[in-house]
Amino acid sequence: MKKLVIAIAAVLLSITAFAQSDSERMAQTAFNMGNYADAIELYKAAITLESDQARVSSLTNKLNTARSVYRSLNEGLSSYKNNDINAAIDAFEAVLAHNPNDTVAKTHIAKCQEQIANAQKEESLWAEVSVSQTKGGYETYLKNYPAGKYADQANEHILFMNAS
């Protein structure tokens, strides 16, 4: 009977140990895939299953990192949506510092860099048009940037030139 109790206890301990390591492994996988909300919940579950204080501390650190990365990703998406490109890039770079394979952060950094390049091209064209001050120049600007930063000014110049 004593051997049976010991065997049952050993099985229960191994099941608990497997569940603990499995929860952590699943949390790490979710984190690596960029599923930070899932990683957070899985790290919480792993912490509740753990009895070793050193492991609890390690898991808590991983949980806090997942929370921080999740916040950074959401800040980046919000900044991107609000057209605050530099803040978006900073937030996405913070994500990549912890998860270099995060595809959402990489994709949005590329989109941000594209927006910066387009804004620089627009500024450059407007500078040329402003110097030349020709109807053709303003029309070229409007053709390339119909809703651009200087579209209203270009339209006003064209209207003035047509009235002259």
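Quick notes on this one:
- Compared with the dominant Cα axis of the chain, that is its longest principal axis, helix 103-132 is turned about 10°.
- Alpha-carbon centroid distance for the pair segment 132-154 / segment 34-50, whole angstrom: 53
- A 1.4 Å probe run over the protein chains yields, for segment 20-96, 54 Å² of accessible area per residue, whole-number rounding.
- Under a Gaussian network description of the chain, with springs only between Cα atoms under 10 Å, the residue in A27, A94, A54 that fluctuates furthest is A54.
- The chain: angle of helix 36-49 to the longest principal axis, Cα-based, in degrees nearest 10: 20
- Extension gain, N118-K106: 0.36 nm per intervening residue step, less the Cα-Cα distance, totals 2.5 nm.
- Per-residue ellipticity at 222 nm computed for the chain from its helices equals -29500 deg cm²/dmol, with DSSP H segments shorter than 4 residues left out and the rest contributing -39,500 (n - 2.57).
- Solvent-accessible area, 1.4 Å probe, carbon plus sulfur percent, for the chain: 57
- With θ taken as phi - 60° and the Karplus curve 6.51 cos²θ - 1.76 cosθ + 1.60 applied, the whole-hertz 3J(HN,Hα) list for segment 138-144 is 5, 5, 4, 4, 5, 5, 7 Hz, x standing for glycine and proline.
- Its alpha carbons give segment 22-141 an Rg and a Dmax of 21.6, 76 Å.
The values are calculated or read from the model by the stated rules, or taken from the named source; none is laboratory data. Everything numeric here is computed off the predicted structure, so don't read it as measured data. Heads up: the accessible areas ignore ligands, DNA and RNA and are worked out on the full protein's heavy atoms, side chains in. Shrake-Rupley method; radii C 1.70, N 1.55, O 1.52, S 1.80 Å.
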